[in-house]
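Read through the structure below, which is laid out as C-alpha cells, and then see the notes.
Quick note: the coordinates plus some simple rules give every number you see, no bench work behind them. None of the values given here were measured: they were computed from a predicted structure. A quick note on method: Cβ atoms are made from the backbone with ideal geometry, for glycine too, and the neighbour counts reach across all protein chains shown.
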Amino acid sequence: MSVYLKKFMADPLFTFGVTTYNRIEMLKECLTSILRQTSPDFEVIVGNDYTADVITNESLGISDSRIRIVNHPHNLGEVSNMNYLLSKAKGRYFSWLADDDLVIPQFVEAIHTTLEKFSYPACVFTSYNEGLEYKPEPVIAVNHCSRLMNGDEFLQQYLSRTLKLIGCYGGIETKYLKEIGGIEELGDGFSPYADNLLAIRAGKLDKVAYVDAPLIFFRTHDQSLSYTSCGLTAYTSAQQDLLSRCEEIFEHDSISHNRQLNMFHLLIWCSRDIYSVLYRGSSFLPRSFINNLRVLDRYARGTGWLYPRFLLLNLWFAAKYLVRRILKNRGQHEASDS
C-alpha cells in the first residue's frame, strides 16, 4: 500500500456511511461508484442490517482497504444503523448513502473544492438526479455552480423547494453531526422526513454551502420505501414529530423573524406529500388522514396572514387528489372488466 493511501486511511477528509439491507447487487454498484472517485481522500463504512447474510469483501468481489464492513448481530433499524456508522467515522466530513443510491466520480473532489472555496462551512449540500437507471454525468465545473448562503437564506430556499437536495447526503462536518445527535427518528414507521429535519436544522448555522449540480443519483425503484410506501401512519406520525421539532427550530434568534413563512412552507410540503401517499394507498379518506389534516390546520392557524393561502392550496390538493382517485378507480374497473 502506498504511503499516500495510508495517509488518507489514517486521517481521511471524508467518510461515507453506507446502510444496507439484503440488496447485495445494488450495494456493489453503490460501492463501485464510491471507489471511482477522482479524489482518494475518503473511507467507507458499510453497516449491514440484514442478519441472515454476512457481507465480506470476498462476497462483494471488492478489495479496497478503505472499506470497512460491519455486520450487525441484531437488526438495528435504519436510523440506529445510520447513527452507528456516524459514531465510527474518522473523516472530518461525513455523508450517509443508502445501498441503492450512487455518487458521481467527482463527488468527493467537488465537496472538497467547495469546502476550500468557502473556508470549510459545517455543511455542503448538493443537487441530485433520480430515476431507475444511472446515466453518467458530464464533468462538472464546481466553481461555477457552488455558492454560500447564511442559514436563514438556505432555510427559506430549502423549504420553498428552490433548492433540490437530500438532507443526509452531501458533506456535513462529523463533529457537528455528533453534537446535534446524528439523525433523529421520527414517527412510528420507517422515519420519513428524518433527512428533511437534518437540512432544516442547518438553518441555524452561520454558513451553508450548496453545489447546484447532480453529484448524487437517487434510485427510484419498487423497493424504495420513500418512493413507493403507502404506509399512511408512518407519514402522518413523522409529520407530526417533524412539525413539533421545527416549531422550536424556527424560534432560533437568527431565523425567528421568518417563523410564520417557514412554517407555512413546511406545512404546504407536508400537505402535498400526504395527498401523494394517500393516492398510493387503497383507502379513500382514512381516519388517520383526517386527523393529520386537523394537526396541520392547527399549526397553520399560527401563520397569520398566510393561513387563508394554506386553506386554498389544501383545497387545490384535495381537488387534484379526488380527480386522480376517480380516474384511477375507473381505470381499475375497466381493467377488471376486460
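Structural remarks
- Across the stretch 3-221, the mean sequence separation of Cα contacts (distance under 8 Å, 6 or more residues apart), normalised by length, yields a relative contact order of 26 percent.
- From the Kirkwood radius over Cα pairs of the stretch 1-94, Stokes-Einstein at 20 °C and 1.002 mPa s returns a whole-number translational diffusion coefficient of 158 µm²/s.
- In plain terms, the residue of HIS257, HIS72 with the fewest other Cβ atoms within 10 Å comes first and the most crowded comes last, giving HIS257, HIS72.
- Based on C-alpha pairs under 8 angstrom that are at least 6 apart in sequence, the stretch 190-338 has a relative contact order of 25 percent.
- Both radii are taken from the alpha-carbon atoms of the chain; with Rh as the Kirkwood radius, Rg/Rh is 0.99.
- Here the relative contact order of the stretch 32-95, from alpha carbon pairs under 8 Å that lie six or more residues apart, stands at 39 percent.
- Neighbourhood net charge (11 Å Cβ-Cβ; Lys/Arg +1, Asp/Glu -1) for THR220: -4
- Cα-based shape type of the stretch 211-329, given that a ≥ b ≥ c are square roots of the gyration tensor eigenvalues and the cut on a/c is 1.5: oblate
- Sorted by Cβ density within 10 Å, fewest first, the residues SER80, SER226: SER226, SER80
- Sequence-distant residues sharing a close amide H with PHE94 (under 5 Å, placed H): THR15, ILE172, GLU173, THR174
- Neighbour counting of Cβ atoms within 10 Å sorts the residues TYR193, TYR279, fewest neighbours leading, into TYR279, TYR193.
- Estimated [θ] at 222 nm from DSSP helical runs (n ≥ 4, -39500 (n - 2.57)) normalised by residues in the chain, nearest 500: -14500 deg cm²/dmol
- With θ taken as phi - 60° and the Karplus curve 6.51 cos²θ - 1.76 cosθ + 1.60 applied, the whole-hertz 3J(HN,Hα) list for the stretch 100-114 is 9, 10, 9, 10, 6, x, 8, 3, 5, 4, 5, 4, 4, 4, 5 Hz, x standing for glycine and proline.
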